[in-house]
Each structure stands twice: as C-alpha cells, then as structure tokens.
Amino acid sequence: MNMKIGVVGLGYVGIVTAAVLSDRGNEVVGIDVDQNRVDKLKSLKPPIHEPGLDEMLERNADRLSFSSDYSNIKGCDAVFVSVQTPNKGGHVDTSFVNDAVSRIKQANAAAVMIIKSTVPPGTTRAIAESTGMKVAFNPEFTKEGTAIEDTLRQDRVVIGCDDKELQDFVWGIWSFAGSQAIKTTYENAEMIKYASNTFLAVKISFINEMSNIAERIRGCDIDVVARGMGLDPRISPHFLKAGLGWGGSCLPKDSQALEAFAEEHGEQMLVLKAAMDANDKRIPRIIKIVDSFAKGGRIKRIGVLGLSFKAGTDDLRESQGLKLMNALASAGYEAVGFDPRVRQLANASLCGSKEECIESSDAVIIATAEEEFKDMETLLGDRFVVDVHRILKKGSLRNLVQLGIGENK
Ligand code: NAD
C-alpha cells in the first residue's frame, strides 16, 4: 500500500531512505533544518555522493518534496527520524533526535514515528513514553557507497517495539526488500545495531593485526590468508580486508558509545577496547614505514590518494586518510591529497587530479581502494609508494610497500 511518509534529517541515511521509498511509489516529504541542504534537494542536486541517487531522485521528482518547515509533514502515515547522533565527551548526543521528536510531536504530524538514528538501548522506549505516540526503532544498516542497493535489498529489517500491529505496519513499508524480518523489543533492536557495527570494527582490527604478523613471515600474504578464512561461512569474507583502519561516521562513534554505555552499566568491552587501540596504531605504523624510506631527507612531499573514509563515498567524517595527512604534516612532511569526490578541504592541500598529486610528490600513499587508483604503475614510476589496500599488482614497482606481505621485511 502506498503511503505518505515523512523523513526528518536529510543526511546520508535520510536522503537515501526518502529516495528509495519514493521509488517504491510512496509520497515522501523530506525535512531538514539546514535550508541550504533543502534547497539543493529541491533542485534535485543531492548534497552527498551515492551511486544511483541522482537518477532515483529525478525519476521520482513528482512524489518527492523537501522543506525545512515541519508543517509539511502533517498528515503523514509515518515519519522516519534520521538525524545525526554524534559523540559528545565519549557519550551519544541524542539532542538532535530529541529536538526532531519534539518538533514532530508539536507539528502533530503523524500517528507513527520510526527512529532510524542509532541510539543507545532504552532511548526509543523513553521517546514512546514521553510523547505518547506510536514509536518504533528501525535501525539502518546500509553502507555508504552502495546505500541505494543496500536499501532496496536489505539483509534484514529489524523492527523494535512492543506493539505487534506497529511492527507489522513498519514491516509493510519495507516488505519489498525481500529481507528477513526481526520483530522484537526496542532494546533488542537498539542492541542489534550497536553489536553489529562494533563487531565489524573488531573484525577489521583483527585482520589488520594478522596483517602485521604476516609482514614478519616470509612467504605470507594477508590477502590469501583472508580469502582462506572468509570461505568459512562462520567467518564470511566481508570486512576482512587489511588496510588503514576503520573510520567513517559510524564505527568510531558507535564503538565509543557502546564502550561508555557498557561502563555506565558496570560492564567492560575489553575486546572492543583492544580493537579501538589496534585501530589507533594503524596510522603511526604507516608513518614508521614512510620514515624508514625517507631517511636522508630524500622525501619531502608526500601525496595521499584517497581522503574519504573509504572508496566510493565523499564522506570525510573520521577519515583515516585525512588523519594520515595530518600525521604526515606533524612528522615534518609536506602532505598533499587527492580524492575523486572531494573538491574542498579545510586546512589541507588538495590536488585537482591524481596525476597532479603523483607528479608533484616524492612519494605516494594509496589510502583507499578507488577504482581509478588501479593500473597506474606507469604513472607512479620509481617513486616510493605505500599501497595500503593492495590495489596495485603485487610487486609491480621497484619502490613499493604493500601491507600484509612477508617480503616487505
Ligand atoms: P548526517 O549527519 O549525514 O545527517 C543528519 C541530518 O539531520 C543533517 O542534514 C542535519 O541538518 C539534520 N538535522 C539535525 N537535526 C535536525 C532536526 N531537528 N530536524 C531536521 N533535520 C535535522 O547523518 P547520517 O550519516 O545520515 O546518520 C544519521 C543517523 O543514522 C545517525 O544516527 C547514524 O549513526 C545512523 N547511521 C548512519 C549511517 C551512514 O552510513 N551514514 C549508516 C547507518 C546508521
């Protein structure tokens, strides 16, 4: 059944949610407090990069509207809340959610509110109790870079609330996605989101540490080890790629949030803490590699290719590539960067193309696995190169360090 649906908070999650739900035939009203963002969306120019998004917005322009005025969501069958939940002093700042919730309530906008923002266990129940509205928690699991596809075909739709009818109603919105439904309590649904994200962080830190050991063993290659591990369905091949460490808008903040939440409840997340420590050591490890080949002052300017937190997105939040640029500058190098989707960068030198970045640098670090960074051996020539994600052919350059290969020693 097609509905009128509101989406409050038009960031990476909200815009994709709005686009996909309109594509499924619903009338969607998107609300954001950022007028500039709203204006861009009104002219169908999304303020984020996500493959397939521009076309989807254009295709559904007659079913989509955007505004900063909450009165426009009046009469919606349901309103999603997808505002940010950043970290404040190590804890989750739910003030944006609370603000959106009270404005929805004030606007008397809809009977049903569905929280998509990641919030600590207990938050959604408290919202339901304080507003007296029908409220469900429906966590978001999409990955930036494939968010449209992920939303169209979700692995699972998790719906948390105590009301079976409301669970079925929310499931009705997403039933096209061909997913497994988990209809459960508020708290289980909220925990599923935190447990999933932090488990992924642990998995990446684990393979990064395995990669460190592999570098000490002649004949060892972490990519082969990871492939062998990943074929075991109990392990799975995903998030098993050694690299620069995890960043982005979710894993770092959700890890800190869960650690703080556990402590508040008298428990410790020792495994997660170790994963966070291991992650903090990734960039110093790269600096050590750079220092070892820069001896004698022959390397002054270093180009970093890939500045977003991972390939395929323009999101710079908690980006390891940016942290690497800062660490290089602190270590006395001149750092310049290039990213195919990043056009502006505060306090850092940005090149207009990968060619300019490479040609103007004494050494290059390939920090993300962008397609366009493949097959550029000729361009790199004899420069010193650190290939963090192993996207160049193995051993293809004279001065090449590729993480996780024993021969690097
Ligand atoms: P974002 O920062 O990209 O966007 C949030 C938007 O909400 C902004 O445009 C902001 O202006 C708007 N906003 C803030 N307060 C508002 C209010 N009161 N009314 C209307 N609009 C308001 O955030 P995001 O990355 O889309 O993440 C949203 C939530 O989803 C977070 O809780 C995050 O943890 C979770 N999440 C994000 C991802 C992801 O890939 N980005 C994936 C899964 C879950």
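If you go through the stretch 337-345 one residue at a time, do you hit one that is modelled with pLDDT of 95 or more and outside any loop (DSSP other than H, G, I, E, B)? Yes, the stretch 337-345 has at least one match. Find all pairs meeting these conditions: Cβ atoms under 8 angstrom apart; at least six residues apart or on different chains; first residue within the stretch 133-148 and part of a strand (DSSP E or B); second residue near the ligand (Cβ under 10 Å from one of its atoms). Final answer for the pair search is Val135/Ile115; Ala136/Ile115; Phe137/Ile115; Phe137/Val119. Being among the hydrophobic types (A, V, I, L, M, F, W, C), modelled with pLDDT of 95 or more, closer than 30 Å to Ala257 by Cα and open to solvent by less than 20 Å² (accessible area, probe 1.4 Å) is a property that does not hold for Val13. Is the stretch 371-393 home to any residue that is among the hydrophobic types (A, V, I, L, M, F, W, C), open to solvent by less than 20 Å² (accessible area, probe 1.4 Å), assigned to a strand (DSSP E or B) and without any contact (Cβ under 8 Å) to a residue 60 or more places away in the chain? Yes; the residues of the stretch 371-393 include at least one that is among the hydrophobic types (A, V, I, L, M, F, W, C), open to solvent by less than 20 Å² (accessible area, probe 1.4 Å), assigned to a strand (DSSP E or B) and without any contact (Cβ under 8 Å) to a residue 60 or more places away in the chain.
Restricting the first member to the stretch 149-161 and to residues that are under 16 Å from Gly52 (Cβ atoms) and free of Cβ contacts under 8 Å to residues at least 12 places away in the same chain, and the second to residues that are among the charged types (D, E, K, R) and open to solvent by 10 Å² or more (accessible area, probe 1.4 Å), the beta-carbon pairs closer than 6 Å and six or more apart or on different chains are Asp150/Lys143.
For the condition hydroxyl-bearing (Ser, Thr, Tyr) and closer than 22 Å to Lys281 by Cβ, Ser179 does not qualify. Filtered by the rule that a residue be out of contact with any helix residue (DSSP H, G or I) (no Cβ under 8 Å at 6 or more places or on another chain) and either touching a residue at least 40 places away in the same chain (Cβ under 8 Å) or under 25 Å from Thr118 (Cα atoms) (or both), the stretch 196-237 gives Ser196, Phe199, Lys203, Asp223. Could we say that Arg103 is in contact with a strand residue (DSSP E or B) (Cβ under 9 Å, 6 or more places away or on another chain) and under 30 Å from Pro121 (Cβ atoms) here? Yes; evaluated as a whole, the condition is true for this residue.
Hey, does the stretch 54-63 have a residue that's over 22 Å from Ser175 (Cβ atoms) and buried (at least 19 other Cβ atoms within 10 Å of the Cβ)? Checked against the condition, which is being over 22 Å from Ser175 (Cβ atoms) and buried (at least 19 other Cβ atoms within 10 Å of the Cβ), the stretch 54-63 yields at least one hit. Looking across the stretch 228-249 at every residue that is more than 16 Å from the ligand (Cβ to nearest atom) and within 15 Å of the chain's Cα centre (by Cα), the one that is farthest from Met276 (Cα to Cα) is identified as Leu244. Can Pro139 be described as near the ligand (Cβ under 9 Å from one of its atoms), in contact with a strand residue (DSSP E or B) (Cβ under 8 Å, 6 or more places away or on another chain) and closer than 19 Å to Tyr186 by Cβ? Answer is yes for this residue. Screening Ile222 against (1) farther than 30 Å from Asp387 by Cα; (2) more than 16 Å from the ligand (Cβ to nearest atom) leaves a single unmet condition, (1). Please specify each residue of the stretch 71-97 satisfying the condition of being under 27 Å from Trp171 (Cα atoms), outside any strand (DSSP E or B) and more than 10 Å from the ligand (Cβ to nearest atom). Selection gives Ser71, Asn72, Ile73, Lys74, Gly75, Asp77.
Where helices (runs of 4 or more DSSP H) fall wholly inside the stretch 159-231, the ranges with 1 or more residues that are modelled with pLDDT of 95 or more, under 18 Å from Pro120 (Cα atoms) and open to solvent by 20 Å² or more (accessible area, probe 1.4 Å) are 186-214.
For the stretch 142-158, the tally of residues that are of a type in the set (Lys, Arg) and more than 10 Å from the ligand (Cβ to nearest atom) stands at 2.
Only residues that are under 30 Å from Val135 (Cα atoms) and β-branched (Val, Ile, Thr) were counted across the stretch 171-230, and they come to 6. Of everything in the stretch 22-54 that is in contact with a strand residue (DSSP E or B) (Cβ under 7 Å, 6 or more places away or on another chain) and away from the ligand (no atom under 15 Å from the Cβ), the residue that is nearest to Leu152 (Cα to Cα) is Ser22. With respect to the conditions (1) over 24 Å from the mean Cα position of the chain (by Cα); (2) closer than 18 Å to Tyr194 by Cα; (3) within 15 Å of the ligand (Cβ to nearest atom), Cys161 falls short on a single one, namely (3). Residues in the stretch 98-116 that are assigned to a loop (DSSP other than H, G, I, E, B), more than 10 Å from the ligand (Cβ to nearest atom) and crowded, with 17+ Cβ neighbours inside 10 Å: Ala107, Ala109.
The values are calculated or read from the model by the stated rules, or taken from the named source; none is laboratory data. Everything numeric in this text was worked out from a predicted model, so none of it was measured. Every residue, glycine among them, receives a Cβ derived from its backbone with ideal geometry; neighbour counts consider all protein chains shown. For the accessible areas, the whole protein counts, side chains as well, though only heavy atoms, and no ligand, DNA or RNA atoms are used. Shrake-Rupley method; radii C 1.70, N 1.55, O 1.52, S 1.80 Å.
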